[in-house]
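Here the structure comes first, spelled out in structure tokens, and everything after it is commentary.
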Amino acid sequence: MDREKLTELIRENALERDGKKVMPCPKAFMLSREYGVSLKQIGECCNEADIRISNCQLGCFK
């Protein structure tokens, strides 16, 4: 999956909380598995789109 499509997918799945976009960690893991992309790619795209990972389970995202 190219980076633009991945970023759009992340934006579509992000939630709004207190006026900021967030991606719950379990959702990031699910997208990684479902679309065959690494958690690193998910994290990088979230950072670029100014979307924060919330409720991180393993400390993978900061």
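Each row is one residue, and each column tells you yes or no for (1) touching a helix residue (DSSP H, G or I) at 6+ places or on another chain (Cβ under 7 Å); (2) among the β-branched types (Val, Ile, Thr).
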residue: Met1; (1), (2): yes, no
residue: Thr7; (1), (2): yes, yes
residue: Arg17; (1), (2): no, no
residue: Lys21; (1), (2): no, no
residue: Ala28; (1), (2): yes, no
residue: Ala49; (1), (2): yes, no
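Just checking, which of Val22, Val37 is β-branched (Val, Ile, Thr) and over 10 Å from the mean Cα position of the chain (by Cα)? Give the steps one after another, and end with the answer.
Numbers: Val22 fails: over 10 Å from the mean Cα position of the chain (by Cα).
From the options Val22, Val37, the qualifying one is Val37.
Just so you know, all these numbers are worked out from the coordinates, no wet-lab data involved. Just so it is clear, the model here is predicted, and its values are computed rather than measured. Please note: Cβ atoms are built from the backbone with ideal geometry, for glycine as well, and neighbour counts cover all protein chains shown.
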